[in-house]
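The values are calculated or read from the model by the stated rules, or taken from the named source; none is laboratory data. Everything numeric here is computed off the predicted structure, so don't read it as measured data. Here the Cβ positions follow ideal geometry from the backbone for every residue, glycine too, while neighbour counts run over all protein chains shown. Just the protein is used for accessible areas: all its heavy atoms, side chains included, with ligands, DNA and RNA removed. Shrake-Rupley method; radii C 1.70, N 1.55, O 1.52, S 1.80 Å.
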Amino acid sequence: MAMAHSHPLTQRAGLVGGYIRLMTVLSRASAYLAAVMFVAGVAVICQMVFTRYVLGMSTSWQTEFTVFSVTGAMLMGSPYVLMTGGHVAITLLPDALGGVARKIMRLVAALCGLAFCAALAYASWVYVIEAYMFNWRTGTVWNPLLWPGLLPMALGTSLLTLQYVAEILRGEE
């Protein structure tokens with residue numbers, strides 16, 4: 001996976017550098033898992049189309065599996081997207097200001113992102129734990145346990161939160 005970073009991955013020594021390197025490894029691993037989840041979702045959609053329109057049979061689990069798989073892939077891939085700068089960003093004002101103002105704007109944006117992702121990660125873990133403890137199911141025809149489908153949400157948002165910390169520690173250029 002090529003790095004599309006707007007700034008180089010700064011080499012730091014000590015604990016901060018170790019944390020940044022660990023998050024780089026975890027974010028890349030998460031991206032590979034996201035790719036597998038996405039491919040699985042696409043494969044199941046193809047199987048569903050074949051089963052439904054070629055064989056004329058009904059389907060029961062494919063749509064729900066695909067929703068969980070592709071949504072999970074999006075969330076599991078988000079730490080890598082943040083790390084590589086692959087997200088959509090409008091940088092007209094920070095680029096025009098430059099210098100200290102630009103650094104402050106980026107830090108404030110990163111702190112807001114960190115706060116949002118931390119809250120989402122917390123709520124996601126509460127949801128996963130409740131679904132597991134109370135044996136919640138989806139309530140559909142397939143009716144699988146809910147917590148395995150929610151787990152990528154909690155893991156992805158947690159890794160995204162930790163990646164925000166790494167980006168803040170890494171600093172700019």
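Would you confirm, using the coordinates I've provided, whether LEU146 is under 30 Å from ILE45 (Cα atoms), out of contact with any Leu (no Cβ under 8 Å at 6 or more places or on another chain) and not β-branched (Val, Ile, Thr)? Quick ask: steps written out before the conclusion?
On the way: under 30 Å from ILE45 (Cα atoms): yes; out of contact with any Leu (no Cβ under 8 Å at 6 or more places or on another chain): yes; not β-branched (Val, Ile, Thr): yes.
Yes: the conditions hold for LEU146.
Working only within the range 139-162, note down all residues that are surrounded by 15 or more Cβ atoms within 10 Å (Cβ to Cβ) and among the β-branched types (Val, Ile, Thr).
Here is the first cut: in the range 139-162, the residues surrounded by 15 or more Cβ atoms within 10 Å (Cβ to Cβ) are 146-147, 149-162.
THR157, THR161 - these are the residues of the range 139-162 that are surrounded by 15 or more Cβ atoms within 10 Å (Cβ to Cβ) and among the β-branched types (Val, Ile, Thr).
Hey, can you tell me all the residues within the range 120-130 that are open to solvent by 50 Å² or more (accessible area, probe 1.4 Å) and farther than 14 Å from LEU82 by Cβ?
First pass over the range 120-130, keeping only residues open to solvent by 50 Å² or more (accessible area, probe 1.4 Å): 120, 122-123, 125-127, 129-130.
Listed by number, the residues that qualify are TYR122, ALA123, TRP125, VAL126, TYR127, ILE129, GLU130.
I'd like to know if the range 49-60 contains one or more residues that are open to solvent by less than 80 Å² (accessible area, probe 1.4 Å), closer than 30 Å to GLN163 by Cα, in a helix (DSSP H, G or I) and of a type outside the set (Ser, Thr, Tyr). First the steps, then the outcome.
Here is the first cut: in the range 49-60, the residues open to solvent by less than 80 Å² (accessible area, probe 1.4 Å) are 49, 51, 56, 59-60.
This time we only want the ones that are closer than 30 Å to GLN163 by Cα, so: none.
The answer is no; no qualifying residue exists.
Return the pair list, or none, for Cβ contacts closer than 8 Å from residues in the range 25-49 that are in contact (Cβ under 8 Å) with a residue 24 or more places away in the chain to residues that are outside any helix (DSSP H, G or I), at least 6 apart or on different chains.
If the second residue must be outside any helix (DSSP H, G or I), the pairs left are ARG28/MET1; ALA31/MET1.
This table checks each residue for (1) loosely packed, with under 13 Cβ neighbours inside 10 Å; (2) more than 27 Å from ALA154 (Cβ to Cβ); (3) under 15 Å from the mean Cα position of the chain (by Cα).
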{"position": "SER78", "(1), (2), (3)": "no, no, yes"}
{"position": "THR84", "(1), (2), (3)": "no, no, yes"}
{"position": "HIS87", "(1), (2), (3)": "yes, no, yes"}
{"position": "LEU92", "(1), (2), (3)": "yes, yes, no"}
{"position": "GLY99", "(1), (2), (3)": "yes, yes, no"}
{"position": "ILE104", "(1), (2), (3)": "yes, yes, no"}
{"position": "VAL108", "(1), (2), (3)": "yes, no, no"}
{"position": "LEU114", "(1), (2), (3)": "no, no, yes"}
{"position": "ALA118", "(1), (2), (3)": "no, no, yes"}
